[in-house]
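Down below is the structure, laid out as structure tokens.
The values are calculated or read from the model by the stated rules, or taken from the named source; none is laboratory data. These numbers were taken from a predicted model, which means no experiment stands behind them. Note that each Cβ is placed from the backbone with ideal geometry, even for glycine, and that neighbours are counted across all protein chains shown.
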């Protein structure tokens, strides 16, 4: 070896593989304004669509007159339910087994529901036309209160389901009932409560919120009449699923539909589902023979596409006097809005809400979820979380704090006492999940030591005394949250979307010169997939990440995949990437053996090459082998070097983390200030620490928004009152706290590279951490539960109720 | 008007918004529409020495103005502006949708205040929303660019 020969470390570093803080490939185009988002697409003769929407939350449609709209210069067509009905497209199937109206036929069921679709030569003309569609309504009584939905005299919302005594998920017990879903041991749980020394009960409501990515939902549909082919560019987190749905409902053969998801300006769950705008743009393109663009505005986005949460959880914990939990019982009313359009795996109408036992060793538990219809927008997406996991984490983490308060225990001590122990993994929870790996005590202890937890509690006590003496009007709250997520859906045995198992895929091709293209069934919306998947390939194959192109979002070229949501990209497609790479490596090994004239077993892998065991000077690099694959493969072996993997995960992954927040609250104004927020995440093997940290910053900021101010709120009459950014809280740089991040590493035992997924953890853990901090500030005054969101007004009201303003 | 150093002349409808003029007439698709109500800042461009939200200004109001968009930030030889470099180096973007507006706002901020404190940066970009990054790395990206412009080594502001 001469001086110029790179060391093993240098060779490994050059790859920029797993663990490298590699700069993002995507940024080069984004920082120059050269991203290509859906709205940037301009096709010749492209038309624009816009909706006429209902001002009423519940009304009968008596008459629709499109004459004036059609007279607007530039308006070419106006679609109503009457036009869609002959095509059987006035309703579309939802992922939850229900149907949703595309354009309202007889009734509107929520404010801003789509009634007519105006197609014009410019977006201005389309908007003019939409204003001039005349609709005569007969207003009906609306209900937006989930607790009143199943009252005997509650208004009938879904006339189309009036006589249906069962739905996609079993019997319906009321005309506004969607389903009842249960899990766990009811009798055993009831018995645990009968025997309990101590129990707590609290109605823990998680308000309706919206993911609100900065780019709204949008698409361009272009139907080629000559070829009979449809191309749809759209903001799709799951492009293949959109293709299949489009084929099923339009009857266009799936091979004649091309779905393309270009750069996406954030998704957070908003862009998983199919919306009326997509259907109408497609129909309008078929009718006119021209491309049709539909772009949501912000009000449409916040008030119609994909709300999240609206979960109202009556939660009870049974425990021994010394703080050992013995049972958990949760009864949830889930407000699904006008149509059940939840984006959950088919068999899970309440998502994975049964992760609600959290990180604790509950011997027995039982959950029931009743889904109800209301005069609100449909949806029920997982806003930066796996299916209903944030609801579950908020529920259990608030409840554990309430229990700690009742027992007079420190909330961190109560958690430590009840954590699932490291040696119990793989651990089967009382509600049926098999947790893959975890080390909760270590994570919690590290978090507490890092923030100086005991000292903080001391400071809090001192300040509480000072408050009682009237020396300060500020309260200090310490929020503790420990979460366990369930992500990476999922195994084909229990997870499917519309009957398609929730595998995911990767196809890798090695070019003769040793550069690579990889195509995947997932779709980045900012997560940096082009950067991180390349790192997996770099480490697996010993080719530099810089030489790998990652392509997603084109259903013609990518292998079938279920898309990106529920933190499933790394757990499922990341695994597929590693598995495809290993197939390639196995073939490369055969080629190397042939070239080096040794037996395959006499070779060993060394960073970027196969070398002969005991004789490292004799080797072939992967780059050599790429070239050889195209000219000197052993007899009987096909030329070329590529592989595809469809990965059916054996289990979900279970990331976890310990978060601690310190907050100061002015009781006279209700204004709170986050003094410190520390987040320790364990996502197993870390692919790119820079990107992980960025994901955590972003997720915590979204959690901060949700906990401290976000709400899609309706007034009693059913008007949505928070449908623009004037009223819907998105944190700015000024309010957003500074984040401290940390980690432990407990690899997933079943994932090829041990990775678990991280993008949603900070939202799952962050929300209860902020909520616990605010509640912690007030609890010494006798308060047990202040509901979210904790904006200044509500916090002031909480202080007022405690008599702090007299 | 002058856009990114080039003279531009068009006859437009009085109600045409500046953002649509830039995107649809000039094919400058870097500035984005995020909220329609001046809250999010994704449409921010620099106009006669001020940061302007081009979604709430008519194109005709910009007659005669000098406008800079993200497409005009890099040097003619393609070298990235210090802000563009800073955003990438400091991981100040994820989905990229707010980035063009954010960079243009930061550009004017640094013209007004070449050495801003962290607090001044946060206040200075409060009219630009980002849903992905939590702003912490955007702050660093702007500090990076400020340091580069001043020729001093980049030092993160004290926590």
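General remarks:
- Residues (more than 23 Å from the chain's Cα centre (by Cα) and part of a loop (DSSP other than H, G, I, E, B)) located in segment A:342-374: A:361, A:362, A:363, A:364, A:374
- Elements of type strands (runs of 3 or more DSSP E) in segment A:27-141, at least 2 residues being within 18 Å of residue A:287 (Cβ to Cβ) and either in the same structural domain as residue A:286 (by TED's automatic domain parsing) or under 29 Å from the mean Cα position of the chain (by Cα) (or both): A:47-53, A:75-79, A:114-120
- Condition check for residue B:152: part of a loop (DSSP other than H, G, I, E, B) and at pLDDT below 95: yes
- Exclusive hit being more than 14 Å from every other protein chain (Cβ to nearest Cβ), surrounded by fewer than 24 Cβ atoms within 10 Å (Cβ to Cβ) and in contact with a helix residue (DSSP H, G or I) (Cβ under 7 Å, 6 or more places away or on another chain), set A:253, A:262: A:253
- Identity of the residue in segment A:579-593, in contact (Cβ under 8 Å) with a residue 24 or more places away in the chain and farther than 11 Å from residue A:629 by Cα, that ends up surrounded by the most Cβ atoms within 10 Å (Cβ to Cβ): A:580
- Tally of residues being surrounded by 18 or more Cβ atoms within 10 Å (Cβ to Cβ) and under 22 Å from the mean Cα position of the chain (by Cα) across segment A:708-721: 5
- Residue within segment A:526-534 that is surrounded by fewer than 24 Cβ atoms within 10 Å (Cβ to Cβ) and not in a strand (DSSP E or B) present: yes
- Filter result for residue A:330 (farther than 24 Å from residue A:360 by Cα and either at pLDDT 95 or above or out of contact with any helix residue (DSSP H, G or I) (no Cβ under 6 Å at 6 or more places or on another chain) (or both)): no
- Residue within segment A:556-576 that is in contact with a strand residue (DSSP E or B) (Cβ under 9 Å, 6 or more places away or on another chain), surrounded by fewer than 24 Cβ atoms within 10 Å (Cβ to Cβ) and not in a loop (DSSP other than H, G, I, E, B) present: no
- Entry remark, segment A:704-728: residues being more than 7 Å from chain B (Cβ to nearest Cβ) and more than 21 Å from residue A:335 (Cβ to Cβ) number 2 in total.
Okay, residues lined up against (1) facing another protein chain (nearest Cβ under 9 Å); (2) at pLDDT below 95:
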| site | (1), (2) |
| --- | --- |
| B:1 | no, no |
| B:18 | no, no |
| B:22 | no, no |
| B:36 | yes, yes |
| B:46 | no, no |
| B:52 | no, no |
| B:75 | no, no |
| B:91 | yes, no |
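- With respect to (1) surrounded by 24 or more Cβ atoms within 10 Å (Cβ to Cβ); (2) in a loop (DSSP other than H, G, I, E, B); (3) touching a helix residue (DSSP H, G or I) at 6+ places or on another chain (Cβ under 9 Å), the lone exception for residue A:338 is condition (3).
- Among the candidates B:138, B:70, B:142, residue that is more than 9 Å from every other protein chain (Cβ to nearest Cβ), touching a residue at least 40 places away in the same chain (Cβ under 8 Å), in contact with a helix residue (DSSP H, G or I) (Cβ under 9 Å, 6 or more places away or on another chain) and surrounded by 24 or more Cβ atoms within 10 Å (Cβ to Cβ): B:142
- When each of A:35, A:19, A:49 is tested for being more than 14 Å from chain B (Cβ to nearest Cβ), under 30 Å from residue B:103 (Cα atoms) and touching a residue at least 24 places away in the same chain (Cβ under 8 Å), the lone residue that passes is A:19.
- Residue within segment A:663-670 that is within 22 Å of the chain's Cα centre (by Cα) and assigned by TED's automatic domain parsing to the domain that holds residue A:457 present: no
- Test: residue in segment B:90-106 that is closer than 27 Å to residue A:21 by Cα, surrounded by fewer than 24 Cβ atoms within 10 Å (Cβ to Cβ) and touching a helix residue (DSSP H, G or I) at 6+ places or on another chain (Cβ under 8 Å): no
- Of the residues making up segment A:185-214, those that are in contact with a helix residue (DSSP H, G or I) (Cβ under 7 Å, 6 or more places away or on another chain) and more than 30 Å from residue A:266 (Cα to Cα) are A:198, A:199, A:200, A:202.
- From the options A:802, A:730, residue that is under 23 Å from the mean Cα position of the chain (by Cα) and under 21 Å from residue A:708 (Cα atoms): A:730
- Residue count for segment A:729-775, restricted to those that are touching a strand residue (DSSP E or B) at 6+ places or on another chain (Cβ under 8 Å), in a loop (DSSP other than H, G, I, E, B) and within 11 Å of chain B (Cβ to nearest Cβ): 3
- Residue check, residue B:80 surrounded by fewer than 24 Cβ atoms within 10 Å (Cβ to Cβ), at the interface with another protein chain (Cβ under 9 Å from one of its Cβ atoms) and in a loop (DSSP other than H, G, I, E, B): yes
- Set side by side, the residues A:513, A:532 differ, and just one is more than 19 Å from residue A:625 (Cα to Cα), at pLDDT 95 or above and not assigned by TED's automatic domain parsing to the domain that holds residue A:97, which is A:532.
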